[in-house]
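Note sheet for the following structure.
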Ligand SMILES: NC(=O)c1ccc[n+]([C@@H]2O[C@H](COP(=O)([O-])OP(=O)(O)OC[C@H]3O[C@@H](n4cnc5c(N)ncnc54)[C@H](O)[C@@H]3O)[C@@H](O)[C@H]2O)c1
């Protein structure tokens, strides 16, 4: 563990804006042991705390409160995660794209620009791998402001027939991994908070409408997502003392993304083969069946999810919530 989160926290407090904190060999112009940071300090600047020297740089600021924040998106190589990463970079955020698919993460970073992205290979279901991800974030940015726990899988199937291994895999990646990501990145956010008591940060789980209502022949997925809401509420209660808000976004179906449309492993194919849609004989039948269930008659898109993320981050007075983004398909009840 380094002093970087403490340095980042000190700058968040002094400047009330996100910064990147990276180890440096240059001569320090501010020694943090001896001085507080002047509010008019201009960035970049080299600072020393104890034996460690860091360069502190600014991220681009835009009109939105979220702009320039340092974010991490798990499962950011494709699908919703890639849409979220792109939207955040467009807002000037520095985004870690963390994915099991290392090539995909690197390609997405290259596409979005190396200045504001950093790829990480991670298996979110493996604690050592998640701990290494947190250490890399600390090394590259000194801390962060926003964690998007997005990586997830679907293994549809009847409870009477599904392999237990598929059920456990869904639980590990959709449910246990959210605990691991919150444990390790939440720990980093809490260390940063010690030096930035007035700076709020966010952990957001990309959940699902299937975390709010059951899903026929899809229990492994829905169960793991329902569990995620319980974790969100419980983490929110605990982490509020560290200035961390914890919320979920519950999207409806992203029909144009690979999760649904992949020709071999996509949900349209899985649901067709598992007989989940009565009478469906083609993929088009399955798609029409699902679109007809949405009052707004279309699937969820990346910008729909991004707007919910902007709301959650910019709303300083809410935590422990699950925000549906479903075109009216699922409505909250008291
Ligand atoms: N697609 C939808 O219709 C839909 C609807 C509601 C909610 N969601 C949720 O949105 C999230 C993203 O879904 P998507 O449709 O974009 O999925 P996707 O399959 O298109 O992408 C998932 C990404 O996560 C990565 N990933 C998978 N396992 C991982 C692991 N163990 N460690 C790290 N990365 C891993 C994959 O490599 C991939 O890049 C999921 O949590 C999903 O449950 C999706």
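The values are calculated or read from the model by the stated rules, or taken from the named source; none is laboratory data. As the structure is a prediction and not an experimental result, all values here were calculated from the model. Glycine gets a Cβ as well: all are built from the backbone with ideal geometry, and neighbour counts include every protein chain shown.
What number of residues within region 19-45 satisfy the criterion of being surrounded by 10 or more Cβ atoms within 10 Å (Cβ to Cβ), in contact with a strand residue (DSSP E or B) (Cβ under 8 Å, 6 or more places away or on another chain) and in a loop (DSSP other than H, G, I, E, B)?
Here is the first cut: in region 19-45, the residues surrounded by 10 or more Cβ atoms within 10 Å (Cβ to Cβ) are 19-24, 26, 28-32, 36-38, 41, 43-45.
If we keep only those that are in contact with a strand residue (DSSP E or B) (Cβ under 8 Å, 6 or more places away or on another chain) as well, we get 19-24, 26, 28-32, 37, 41, 43-45.
Narrowing further to those that are in a loop (DSSP other than H, G, I, E, B): 24, 26, 28-29, 32, 37, 41, 43-44.
Adding up the residues that qualify gives 9.
Looking at region 145-164, which of its residues are part of a loop (DSSP other than H, G, I, E, B) and within 16 Å of the ligand (Cβ to nearest atom)?
The answer is 150, 151, 152, 153, 154, 155, 156.
So residue 176 fits all but one of (1) surrounded by 16 or more Cβ atoms within 10 Å (Cβ to Cβ); (2) in contact with a helix residue (DSSP H, G or I) (Cβ under 7 Å, 6 or more places away or on another chain); (3) not in a strand (DSSP E or B); what number is the exception?
For residue 176, the failing item is (2).
What number of residues in region 233-284 are assigned to a loop (DSSP other than H, G, I, E, B), more than 16 Å from the ligand (Cβ to nearest atom) and not assigned by the TED database to the domain that holds residue 210?
Pass one, region 233-284, residues assigned to a loop (DSSP other than H, G, I, E, B): 243, 252-257, 262-266, 275-282.
When the remaining residues are screened for being more than 16 Å from the ligand (Cβ to nearest atom), the result is 243, 275, 278-282.
Applying the additional criterion that residues be not assigned by the TED database to the domain that holds residue 210 yields 275, 278-282.
Total satisfying the criteria: 6.
Give the residue that is nearest to residue 259 (Cα to Cα), with candidates limited to residues of region 73-88 that are part of a helix (DSSP H, G or I) and within 7 Å of the ligand (Cβ to nearest atom).
Initial filter on region 73-88 (part of a helix (DSSP H, G or I)): 79-88.
Pick out the ones that are also within 7 Å of the ligand (Cβ to nearest atom) and you get 79-81.
On the way: 79: 7, 80: 9, 81: 11 Å.
This residue is 79.
May I ask you to say which residue of 141, 190, 196 is touching a residue at least 40 places away in the same chain (Cβ under 8 Å), surrounded by fewer than 21 Cβ atoms within 10 Å (Cβ to Cβ) and more than 16 Å from the ligand (Cβ to nearest atom)?
Values: 141 fails: surrounded by fewer than 21 Cβ atoms within 10 Å (Cβ to Cβ); 196 fails: surrounded by fewer than 21 Cβ atoms within 10 Å (Cβ to Cβ).
So the residue among 141, 190, 196 that is touching a residue at least 40 places away in the same chain (Cβ under 8 Å), surrounded by fewer than 21 Cβ atoms within 10 Å (Cβ to Cβ) and more than 16 Å from the ligand (Cβ to nearest atom) is 190.
State all residues of region 292-308 that are within 12 Å of the ligand (Cβ to nearest atom) and assigned to a helix (DSSP H, G or I); if no residue qualifies, say none.
302, 304, 305, 308
Name the pairs whose Cβ atoms lie under 7 Å apart, with the first residue in region 208-221 and free of Cβ contacts under 8 Å to residues at least 60 places away in the same chain, the second part of a helix (DSSP H, G or I), and 6 or more positions between them or separate chains?
So the pair list comes out as 208/225; 210/221; 210/222; 210/225; 214/222; 215/221; 215/222.
Among the residues of region 49-67, is there at least one that is at pLDDT 95 or above, touching a helix residue (DSSP H, G or I) at 6+ places or on another chain (Cβ under 8 Å), under 24 Å from residue 178 (Cα atoms) and part of a helix (DSSP H, G or I)?
No, every residue in region 49-67 fails to be at pLDDT 95 or above, touching a helix residue (DSSP H, G or I) at 6+ places or on another chain (Cβ under 8 Å), under 24 Å from residue 178 (Cα atoms) and part of a helix (DSSP H, G or I).
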